[in-house]
Amino acid sequence: MNSLDWAVLIGYFGVMVAIGVWSHKRVEDVSDFFTAGGRMPWWLSGISHHMSGYSAVMFTGYAGISYQYGITSYVTWSFPIAIGIAIGAQLFAGRLNRLRSRLHVASPLEYLKSRYNLPTQQALAWSGVLLKIVDVGAKWAAIATLLSVFTGMSLNQGILITGVITGIYCTVGGLWADALTELGQFVIQLLAGVAMLVTVLGELGGFSSLWTVWDRLPAGHTEPTVGPYTLTFLLAYLFIKTFEYSGGMWNQAQRYMATRDARQAKRSARLSAALWFVWPAVLFFPMWVAPLLVRAERPDASDAYALLTERLLPHGLLGLVVVGFFSHTMAMCSSDANAISAVFTRDIAPALPRIGERARRWSHKAGLLAARLSTVAFLALSMAIATQVNSPTFKDIITVVIKWVAGLVGPISIPFLLGMLRSCRKSGPTAALVSWAAGLFAFWLTNYGMSGLQLQIQIVSPVATSLVLYLVIGLLKPEDTPERDAVLARINSGDDGDGEGGAAALPVPGQGAAGDEGGVPRSV
């Protein structure tokens with residue numbers, strides 16, 4: 001990178017901070033900070049949902065898969081995500097919106113105390129927070145890896161720079177800042193991705209390379225499933241990503257909660273699904289043909305895309321593509337930070353022994369301050385984890401993303417998402433806690449307790465275990481009560497366009513958070 005590239009990068013950081021400062025004016029309470037007050041347009045919610053779904057891991061870990069195996073990176077990654085989001089648009093998007101518009105909650109997990117009980121809510125909250133610290137740590141490490149290729153910065157320096165910039169705008173502006181910066185990041189990534197595609201096509205002989213280059217690639221590059229990424233892996237990934245990207249990892253749930261009503265939430269989900277069908281293929285093409293243009297130096301080929309960019313793009317465009325790397329990572333990390341802050345301030349803090357009583361009585365101003373402080377704390381912890389992500393504990397970036405996140409999302413998301421469905425009303429606290437605990441044990445057993453298992457078995461066993469136990473225990477030990485049925489009725493009833501999804505003032509933690517009647521108005 002030269003001075004022109006640095007100017008582009010610094011200018012990008014400046015715009016992100018400016019958006020955060022501008023968004024600060026729209027944030028008056030926790031409702032605005034966590035769910036945009038229910039006023040976010042569906043198209044902005046959809047773009048934000050899409051952008052918050054992937055990071056620079058695509059340009060490192062998945063670039064390595066593309067370099068080594070070819071188009072299976074799309075077939076077994078973004079394609080099942082698109083299908084999963086489309087399924088979630090019908091099953092979960094509208095119901096997630098009603099959590100805010102009908103139950104008046106600011107955190108996705110606030111309803112769990114009424115749906116199950118306090119221990120269930122706390123188990124899911126704590127385990128999810130710990131998982132996301134590791135997950136976001138992997139994202140910081142991914143972008144720092146790319147930054148080191150272009151600038152020579154150390155891993156820790158790259159983590160510090162990206163983490164501090166992200167912390168400024170997402171802490172000041174909340175979900176509004178996240179969504180608006182993600183819109184800007186989408187435009188930047190659109191320009192950067194198209195620039196990279198055109199440059200690679202020019203290097204390969206022109207536009208006709210789109211259909212003539214395939215027989216020049218290494219053997220197996222055009223196979224939809226190859227190597228460890230088999231048909232079974234594809235089906236397992238589809239199963240997992242349907243839960244993860246439909247709200248199971250919370251930050252996507254916030255996008256649906258932020259729209260005006262359930263119908264708007266479904267429209268935003270469909271837009272995100274369409275983007276997942278199309279846009280990753282544009283980004284992946286240069287990675288698929290990279291073996292014809294560069295030789296990866298790392299064993300996992302995670303540096304392939306960075307080397308390709310460094311070789312082909314002129315200064316200025318190089319800076320724009322590096323900005324594109326940052327845009328994805330910062331979008332995902334900031335959205336995760338906001339979601340975790342919501343869960344901590346609305347669900348965990350009110351249940352803590354010493355500060356719980358005070359947390360349940362926070363004023364709007366005090367609650368907003370707690371939200372911002374917890375956002376900073378989460379980012380700091382994830383940055384600390386990022387410095388260890390290449391240690392023997394985590395092995396490499398793609399291991400964290402595929403195994404840890406895919407393997408652990410099921411036990412956390414199954415009770416959360418299926419708990420909203422009327423068909424699962426008999427599954428109560430016992431089903432939720434047993435399925436959660438057994439899923440975590442299945443993750444440990446298949447990843448660390450047993451050796452030689454296939455990747456698809458490792459990632460699908462936890463979520464499959466949780467799903468089966470959640471449903472079976474619900475049948476064998478039904479725990480539906482009139483109070484729980486009333487909660488489900490409010491989540492499931494009514495026309496999606498009935499106008500009940502408009503913005504509503506949220507209670508402070510003392511009036512509907514985890515510490516009292518479970519985040520549901522007493523009229524329920």
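What follows draws every value from the coordinates through simple rules; no lab data is involved. All values reported here derive from a predicted model rather than from experimental measurement. Positions of Cβ are generated from backbone atoms using ideal geometry, with glycine treated the same way; all protein chains shown enter the neighbour counts.
So here's what we get for this one:
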read-out	value
Cα lying deepest toward the dipole's positive end in the chain, options Leu292, Ser127, Tyr54, charges on Cβ	Ser127
Separation in nanometres of the label points that stand 7 Å from Cα toward Cβ, at Arg422 and Asp215	5.8 nm
Gyration tensor (alpha-carbon) shape descriptor, the stretch 149-188, a/c threshold 1.5	oblate
Val198 versus Ala366: modelled label distance in nm, points set 7 Å from Cα along the beta carbon direction	5.7 nm
Calculated FRET efficiency for the pair Lys477/Leu118, C-beta based, R₀ 22 Å, to 0.05	0.70
Among the listed pairs Lys132/Lys266; Lys25/Lys139; Lys113/Lys365; Lys241/Lys365; Lys113/Lys426; Lys132/Lys477, those beyond 27 Å (Cα-Cα)	Lys25/Lys139; Lys241/Lys365; Lys132/Lys477
Value of [θ]222 nm, deg cm²/dmol, for the chain, DSSP H segments ≥ 4, -39500 (n - 2.57) each, nearest 500	-20500 deg cm²/dmol
Inter-site label distance for Ala274 and Leu235 at 7 Å from Cα along Cβ, in nm	3.1 nm
Shape call, the stretch 1-78: gyration tensor on alpha carbons, a/c limit 1.5	oblate
Given charges at beta-carbon only (K, R positive; D, E negative), |dipole| of the stretch 3-393 in Debye	1600 debye
Kirkwood-type radius of the stretch 425-485, with distances r between different C-alpha atoms, in Å	12.2 Å
Exposed trypsin sites (Lys or Arg not before Pro) absent: longest stretch of the chain, with sites in DSSP loops and at most 13 other Cβ within 10 Å deemed exposed	26-294
Among Leu103, Phe79, Val136 the positive-end extreme of the charge dipole of the stretch 72-143 (Cβ point charges)	Leu103
Gain upon complete extension [Arg298, Ala437; 0.36 nm per residue less C-alpha separation]	46.3 nm
Filtered chymotrypsin sites (Phe, Trp or Tyr not before Pro), the stretch 191-295: DSSP coil and at most 12 other beta carbons within 10 Å	Phe207
Residues Phe207 and Ile10, FRET efficiency given R0 of 45 Å [Cβ-Cβ distance, rounded to 0.05]	0.85
Label selected from [x] 75, 62, 47; [y] 68, 49, 43; [z] 80, 59, 39, the criterion being Cα extents along the principal axes in Å as computed here	[y]
Gyration tensor (alpha-carbon) shape descriptor, the stretch 69-124, a/c threshold 1.5	prolate
Inter-part distance where the stretch 225-272 and the stretch 11-74 are each reduced to a Cα centre, Å	15 Å
Zone residues, the stretch 168-198, relative to Trp43, backbone N less than 15 Å from point 7 Å out along Cα-to-Cβ	180, 183-184, 186-187
